Structures are given as structure tokens and as C-alpha cells.
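Just below is one structure, and these are the notes that go with it.
The values are calculated or read from the model by the stated rules, or taken from the named source; none is laboratory data. Treat the numbers as computed from the prediction; the structure is a model and nothing was measured. Here the Cβ positions follow ideal geometry from the backbone for every residue, glycine too, while neighbour counts run over all protein chains shown. What goes into the accessible areas is simple: the full protein's heavy atoms, side chains included, and nothing from ligands, DNA or RNA. Shrake-Rupley method; radii C 1.70, N 1.55, O 1.52, S 1.80 Å.
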Amino acid sequence: FNDYVSGFPKESDMHVNVSGTIKLKVPEGSNGIIVKNLYLSCDPYMRNRMKKPVSGSVANSLKPGSPIVGYGVAKVLDSGHPNFKKGDLVWGTTGWEEYSLITDLQNFFKIQHTDVPLSYYTGILGMPGMTAYAGFYEICSPKKGEHVFISSASGAVGQLVGQFAKLLGCYVVGSAGSKEKVDLLKNKFKFDDAFNYKEEPDLDAALKRYFPEGIDIYFENVGGRMLDAVLLNMRVHGRIAVCGMISQYNLDKPEGVHNLMHVIYKRVRIQGFTVFDYYHLYTKFLDLVLPHIAEGKIVYVEDIAEGLESGPAALIGLFSGLNVGKQVVLVSHE
Ligand code: NDP
């Protein structure tokens, strides 16, 4: 990553460095691990780490000139840590490089279940999956039969939130930015309905069409004009889980929200959350989701770019909706 980014990120904000070297042995006395990176995860928050440091931000800014840092799946080549040994498959925060020395092993997980695609640990079984789980079950207080709306619904987090809500017996509608994504929502993820927000000049009218009786739960991934339209359509005692606001990440000055008075009229609870507070639930989450995957009750769509050099384009593609499903970068098959 070259320098702090303002506005839309570009491929030229990053470059591939072919000259680095790393000793494939953990330094004497270190309790870190050396890994070979297999899959890297492209996540919207990574854009926020390319901003000049601002106080109050959850994600710390990266240092210009340093490798991009993000979630990934990797294989341990050498370990100075008692919990990890050579040959273990792991997921957690790693570098956008072929090999990494990892010294911060907080929130680093050993992969125990390998009868699923390994790339799933960047998505459904990794950070985005935990986000969907914590956001839906811990923040939304969902009940059977409630009316649920999800924005950016075909993405890494949204596709799973919608399937959780369907399994609970909710009425579920999602928005996404293309016909292909809308078809996925309806046909693959079995949402009750879906619409392309780019073809809806009046989002309030669109939401009234899909939710004539209003929305009980809004899973917020985009912010901006969608949030404003949702506020006009919430039901009394509705809940809004604020997961992300991707429409705001590339703006120097975030847009204002105009309809907050409706939070009072409808007694709406709006709650932000970050996944980092919920990793203690990871085993419980796996116990829920793994059987559903095995039985085909939950499906997951990934968009896999091949090769480390495809990383910059894949990452910036998130901000124009080029990814169809969870965006992953394949570095190496083991
Ligand atoms: P996605 O896989 O959904 O990818 C991003 C998608 O955002 C794009 O494909 C695009 O889809 C949509 N998008 C891009 N720009 C805009 C825009 N201007 N307006 C509306 N939609 C836009 O990402 P994730 O599922 O990984 O993340 C979803 C949200 O969850 C993000 O806001 C992210 O920051 C947040 N998040 C929060 C976490 C937390 O701990 N709170 C953890 C993980 C993620 P489309 O074609 O539909 O426009």
C-alpha cells in the first residue's frame, strides 16, 4: 500500500513488491508463527485502514509502504507458539504476501473442520460469518414472522444474514446492485423478494412496495440514502443493526441523515456493533452453521480472484459492486 487514500481507492494505490525476503523460521525467542498464505479476504473495512489516522476509528490505519493487512487462511510452516504447530491450517489477520511472520495471535484460529472449502474461513466460517451471526442474533433480537430488510444483501455478510432470518421463519427482502445479484437473492438464497436499488430512484416508494406493513429489522450495510428511506418505513419497536455503511467510506465528508425523528415516532432501537467483541461465540457459531452447510440448508457464494497480483483490483472492486458474493484472493492451493 503506497500512501493514504482519499476518495475512491485505485489499483495504483497499491503495488506488488517482488523483492521482499523472509526467513521461513521463527526468530529465536519469538512466540510467533511463520505461515504460507493460501487465501486472502477482501473486506470493506480495509479501505478505512488506508485513510489518514483519525481518532475514534475502529480499524487502525496502515503505514504507507507496508503490506496490506487483512484476514486470511494460511498454513503454519514454523511455530514458536504452544497452540500452533507446523502443518496446522489457521485463519486470522495476516499480510498480503506469500509468507508472513505473525506475532499477534489474538483472534487467530486453528481450523478444525476441513470438510468444507478452505476459502470459507475468509467468509461464511470466518469474520464475515461471525459478523452476520452476532449482528443478527445478538443485536437484532429477531422473532419468527418478523419482516427483515438487508442492504448489500448478496455480499459476504448479507447473504448469510438473510439465510439466518429465513431459517427463523422471517419474511426477508434484500437489496443489491445488479440483476444477477437480485436473482441470486431470490433463487439461491431463497429470500422472499429482492430489488436492484440502482433502478429505484425513490427508495421510500420501493420499500413501501416490499414492506406495505413496515420493517421490523433492518440489517444496515450501506448507510446514506438507503438508511434515510428505511427510517421512514420502520415499524413500532423496530431494530436497526448498524453493521456497516459502505456508501460513506470513500467520502471525505459523510452524508447527513434526515429522517432520525422517525426513531422517536416508531420507538426504534439503532445499535452499532463490531465483530471483534463477539469472537468468544465462535465455537457456538460453528456448531450452528456447520450442520446447516452439510445439510445444504445454508449455501454460500464466493468470488475468487486468482493470484496475489489480482488483490488490488479485487479489493477496490468491492466499492463498485464488482464482487458477486464473498470476494476472496487465492494465493496458493496449500
Ligand atoms: P460485500 O461482500 O457486501 O461487498 C461490498 C458490496 O457493497 C459491493 O458488492 C456492493 O454491492 C456494495 N456497495 C458498494 N458501494 C456501495 C454504495 N455506494 N452504495 C450501496 N452499496 C454499495 O461486503 P461485506 O459483506 O464484507 O460487508 C458488508 C458491510 O458490512 C460493509 O459495510 C462492511 O464494512 C460491514 N462489516 C462490518 C463488520 C462489523 O464488525 N461491524 C464486519 C464485517 C463487515 P452492490 O452491487 O449490491 O452495490
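Mind listing whichever residues of segment 312-329 are open to solvent by 10 Å² or more (accessible area, probe 1.4 Å), away from the ligand (no atom under 11 Å from the Cβ) and not small (Gly, Ala, Ser)?
Pro312
What tally of residues in segment 64-107 results from selecting those that are open to solvent by less than 30 Å² (accessible area, probe 1.4 Å), part of a strand (DSSP E or B) and hydrophobic (A, V, I, L, M, F, W, C)?
7
Matching residues to (1) within 26 Å of the chain's Cα centre (by Cα); (2) within 16 Å of the ligand (Cβ to nearest atom); (3) among the hydrophobic types (A, V, I, L, M, F, W, C):
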| site | (1), (2), (3) |
| --- | --- |
| Tyr4 | yes, no, no |
| Asn17 | no, no, no |
| Glu28 | no, no, no |
| Tyr39 | yes, yes, no |
| Cys42 | yes, yes, yes |
| Asn60 | yes, yes, no |
| Pro64 | yes, no, no |
| Gly72 | yes, yes, no |
| Leu77 | no, no, yes |
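Quick one: count up the residues across segment 280-297 that are more than 22 Å from Lys166 (Cβ to Cβ) and surrounded by 15 or more Cβ atoms within 10 Å (Cβ to Cβ).
1
I'd like to know if segment 158-166 contains one or more residues that are assigned to a helix (DSSP H, G or I) and surrounded by fewer than 23 Cβ atoms within 10 Å (Cβ to Cβ). Talk me through it step by step, then tell me what you get.
Filtering segment 158-166 down to residues assigned to a helix (DSSP H, G or I) leaves 158-166.
Checking the rest, the ones that are also surrounded by fewer than 23 Cβ atoms within 10 Å (Cβ to Cβ) come to 166.
Scanning segment 158-166, I find at least one residue that is assigned to a helix (DSSP H, G or I) and surrounded by fewer than 23 Cβ atoms within 10 Å (Cβ to Cβ), so the answer is yes.
I'm trying to understand the selection: among the residues of segment 156-214, which are more than 29 Å from Ala314 (Cα to Cα) and basic (Lys, Arg)?
Correct list: Lys166, Lys208, Arg209.
Out of curiosity, is Met50 open to solvent by less than 10 Å² (accessible area, probe 1.4 Å) and assigned to a loop (DSSP other than H, G, I, E, B)?
Considered against the rule, which asks whether it is open to solvent by less than 10 Å² (accessible area, probe 1.4 Å) and assigned to a loop (DSSP other than H, G, I, E, B), Met50 comes out as yes.
In this structure, is Tyr300 buried (at least 18 other Cβ atoms within 10 Å of the Cβ), out of contact with any strand residue (DSSP E or B) (no Cβ under 9 Å at 6 or more places or on another chain), at pLDDT 95 or above and more than 28 Å from Ser6 (Cβ to Cβ)?
Taking the combined requirement at face value, the residue does not satisfy it.
Residues are listed down the side, and each one gets a yes or a no for (1) assigned to a helix (DSSP H, G or I); (2) in contact (Cβ under 8 Å) with a residue 60 or more places away in the chain; (3) more than 20 Å from the chain's Cα centre (by Cα):
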position	(1), (2), (3)
Asp204	yes, no, yes
Lys208	yes, no, yes
Glu213	no, yes, yes
Asp216	no, yes, yes
Gly223	no, no, no
Asn259	no, no, yes
Phe285	yes, yes, no
Leu288	yes, yes, no
Ile293	yes, yes, no
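Which residue is farthest from His147 (Cα to Cα), if the candidates are limited to segment 229-257 and must be open to solvent by 50 Å² or more (accessible area, probe 1.4 Å) and not in a loop (DSSP other than H, G, I, E, B)?
Ser247
So which of Glu180, Glu146 is of a type in the set (Asp, Glu), touching a residue at least 24 places away in the same chain (Cβ under 8 Å) and near the ligand (Cβ under 10 Å from one of its atoms)?
After ruling out the rest, the residue left standing is Glu180.
Kindly indicate whether Gln248 is within 14 Å of the ligand (Cβ to nearest atom) and closer than 17 Å to Asn48 by Cβ.
Details: within 14 Å of the ligand (Cβ to nearest atom): yes; closer than 17 Å to Asn48 by Cβ: yes.
Criteria met by Gln248.
Please enumerate the residues belonging to segment 114-130 that are open to solvent by 10 Å² or more (accessible area, probe 1.4 Å) and touching a helix residue (DSSP H, G or I) at 6+ places or on another chain (Cβ under 9 Å). Don't jump to the end; show me each part of the working.
Of the residues in segment 114-130, the ones open to solvent by 10 Å² or more (accessible area, probe 1.4 Å) are 114-118, 120, 127.
Passing the criteria: Asp115, Val116, Tyr120, Met127.
Using beta carbons and a limit of 9 Å, which pairs, at least six apart or on different chains, have the first residue in segment 318-332 and at positive phi and modelled with pLDDT of 95 or more and the second one more than 8 Å from the ligand (Cβ to nearest atom) and open to solvent by 10 Å² or more (accessible area, probe 1.4 Å)?
These pairs meet every condition: Gly325/Leu184; Gly325/Tyr300; Gly325/Val301; Gly325/Glu302; Gly325/Asp303.
Answer yes or no as to whether Met226 is more than 16 Å from the ligand (Cβ to nearest atom), crowded, with 20+ Cβ neighbours inside 10 Å and modelled with pLDDT of 95 or more.
No: the conditions fail for Met226.
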